[in-house]
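Report on the structure given below.
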Amino acid sequence: MTFREIAFKNLFRHKVRNFLTLLGIITSVTVLYSILSFNKSFINNLNEELNKTGVHFMVVPAGCPHEVASLVLHGAVIPKFLQTDIEDKLKEKLDKQYDVLSPILVFQLPNQEKQRIDLIYGLEMDNVKNLKPWWKVIGKTPQKENEILIGFEIADHDKIKIGDKYKLNNKEYEVSGIIEKTTSKDDAFIYIPLKEAQTILAQKDGITAIGVKLKNAEALNDTIDRLSREIPGIQIVTINQILTSISTLAAGARVLSLSVVAIAILISTIGILNVILMTVFERTQEIGMMRAIGASRAHIFRIIIEESVILSTLGGLIGILLALLLSKGIEKFVKSFMPYVPQGDLVVFDLKLGILCFFFTVFLGLIAGLYPAFRATKISPIEAIKG
Amino acid sequence: MTLLKIENLTKIYIRGAETVKALDSVSFSVNNGEFVAITGPSGSGKTTLLHILGCLDRPTSGEVYIDDKAVGKMNDKELDNIRRLKIGFIFQQFYLLPELNVIENIKLPLLFSGNPKKIGEEYLNEILDTLGILKRKNHKPKELSGGEMQRVAIARALVNKPEFILADEPTANLDSENSIKIFELLKRLVEKGITVIVVTHNNELASLAERRIKLKDGRIIST
């Protein structure tokens, strides 16, 4: 028999009370792990997603950087167009020092037939391989003006096959290719030749952005400075700036969620302290008896602190397991509060994070047990035995 | 050979403005292997005396010698060690831990002492057999009768092979039949060489001891 066995068995004396305390710890740890995992994955996935844009920077009409972020990641509508000569000016200023210079027209188009909004991404199809080198296209990229490329999500949802017809703004297009699943926002777009996009939108030469990939990435900052100075009416946003912009947007929601977790953890810690303290008061005579039969103050301290640590250890372990088991549901719930969420799993198994959460919980259990354990050592055996 | 020597033991409690002299110049000795009953009416100081003998309390003045060593000069750690290795306590209310079974309750002092005397299962079974609770060793306290619970408490007091047993009203919660059985058990321990000091207000049971120390108002009136 060990001190830990005694402490463990003591917890069974008030099953309901200790179970409820355990439940509080489990809930706090589940939320703590989920939020931390979510935050960590959020930044990683966002980086990954932005890197998949295949450009170093976007040239957009001067305006709000959040709109640019939305454009790149959501395909949101920007109520402004770049001046028609910007593309030529850029080509001139960059003097062939670019790999990709791709005008883009992104907009939303109501689809009467399917009762939804289609996301349209107009681009010069010759640029597809440069812009999205990781794409695997089943079939081929559009070669003619009446051909389109469909993202995986739409093709999968509508059961679209190569050669099928797809109606945009009452005009039928032939699906020449379907993009294999990318697990990014790319899956949700319909890609059409730029000229067709401009026709649908009745914006001849209208573009919302120009994606640029330089030949020499090290010249990025100097090039952006120069272009911003020399071409008026444009805004240049690098992928890093977009990342910062979205992170700032998401930070508010994350701060709120972490505050909730902090309060939940504080309540759980007080819960442990309360339960262990009640246990000490209820067992005054037993503690007195143990002192009388030879237990030192250190022995009593150990038994009480072990009870607290066992509770927090169990709560920590079960909480982390539960977070992983319920990851999909938790993710869906948390996503509903966030202004933007990148693709991919966000609550995932992370050994380092799991260990961190676990030891943090055990540490809190230790802290919560200190006062009751200290109180227990102060119990006078004579007073206790006298009752 | 003298095991315990008590010299001019006085214990004064101060409760607000009131001063209570629980023990007043008490002196006596107890030899190895003696069976001593301390009797007296309620408030006579017998339990206070037992607590001081058991190193749970310190006297206001006077001294207790255990094996010729003055207890008053010992620090808390030394007193813990005395309680662990030399003394076995039996309480009126048993104080068994309800989540532990009989054998685990009995082994509890070994956990605190670290079992320096290397007490094994054979000795434990011998104690259980002597006390007639061998078959109940895996039972929880709530499954035992009052008499059985007190026997478990006696077994717990014996497990560290103490030099003497201090029993505080060990039969107060038992019927007369069980009370006599417990006293007979204590007598058998004395026959095995263990010194037993028992506090009781029951004169009939006290008469079963070899020696009676009668207290009244904190003073010894007969020994």
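The values are calculated or read from the model by the stated rules, or taken from the named source; none is laboratory data. Predicted model only: the values in this text are computed from it and were never measured. Here Cβ is always computed from backbone atoms with ideal geometry, including for glycine, and neighbour counts include all displayed protein chains.
Kindly indicate whether residue B:59 is in a loop (DSSP other than H, G, I, E, B) and either surrounded by 20 or more Cβ atoms within 10 Å (Cβ to Cβ) or free of Cβ contacts under 8 Å to residues at least 12 places away in the same chain (or both).
yes
Examine the stretch A:77-99 for a residue that is of a type in the set (S, T, N, Q), at pLDDT below 85 and assigned to a helix (DSSP H, G or I), and state whether such a residue exists.
Checked the stretch A:77-99: no residue is of a type in the set (S, T, N, Q), at pLDDT below 85 and assigned to a helix (DSSP H, G or I).
Among the residues of the stretch B:184-206, write down those that are free of Cβ contacts under 8 Å to residues at least 24 places away in the same chain and either hydroxyl-bearing (Ser, Thr, Tyr) or closer than 12 Å to residue B:35 by Cβ (or both).
Selection gives B:191, B:192.
Exactly one condition in (1) within 14 Å of chain B (Cβ to nearest Cβ); (2) in a helix (DSSP H, G or I); (3) at pLDDT below 85 is not met by residue A:40; state its number.
Exception for residue A:40: condition (1).
In the list A:358, A:374, A:349, A:363, which residue meets the criterion of being among the hydrophobic types (A, V, I, L, M, F, W, C), modelled with pLDDT of 90 or more and within 18 Å of residue A:321 (Cβ to Cβ)?
Unique residue meeting the criteria: A:358.
Filter the stretch A:176-190 down to the residues that are touching a Leu at 6+ places or on another chain (Cβ under 7 Å), surrounded by 20 or more Cβ atoms within 10 Å (Cβ to Cβ) and in a helix (DSSP H, G or I) and list them by number.
A:185 - this is the single residue of the stretch A:176-190 that is touching a Leu at 6+ places or on another chain (Cβ under 7 Å), surrounded by 20 or more Cβ atoms within 10 Å (Cβ to Cβ) and in a helix (DSSP H, G or I).
So which residues in the stretch A:266-314 are over 16 Å from residue A:381 (Cβ atoms), within 13 Å of chain B (Cβ to nearest Cβ) and free of Cβ contacts under 8 Å to residues at least 12 places away in the same chain?
A:282
For residues that are more than 7 Å from chain B (Cβ to nearest Cβ) and surrounded by 15 or more Cβ atoms within 10 Å (Cβ to Cβ), scanning just the stretch A:7-16, find the one that is farthest from residue A:282 (Cα to Cα).
Only one residue fits best here, namely A:8.
Taking the stretch B:108-142, which residues are part of a helix (DSSP H, G or I) and surrounded by fewer than 18 Cβ atoms within 10 Å (Cβ to Cβ)?
If the condition is that a residue be part of a helix (DSSP H, G or I) and surrounded by fewer than 18 Cβ atoms within 10 Å (Cβ to Cβ), then B:121, B:122, B:123, B:125, B:126, B:129, B:130, B:134, B:135, B:142 are the ones that fit.
Please count how many residues of the stretch B:62-80 are surrounded by fewer than 17 Cβ atoms within 10 Å (Cβ to Cβ) and either facing chain A (nearest Cβ under 7 Å) or not aliphatic (A, V, I, L, M) (or both).
11
Take the stretch B:65-114 and flag every residue that is among the aromatic types (Phe, Trp, Tyr) and within 21 Å of residue A:279 (Cα to Cα).
Across the stretch B:65-114, the qualifying residues are B:94, B:95, B:112.
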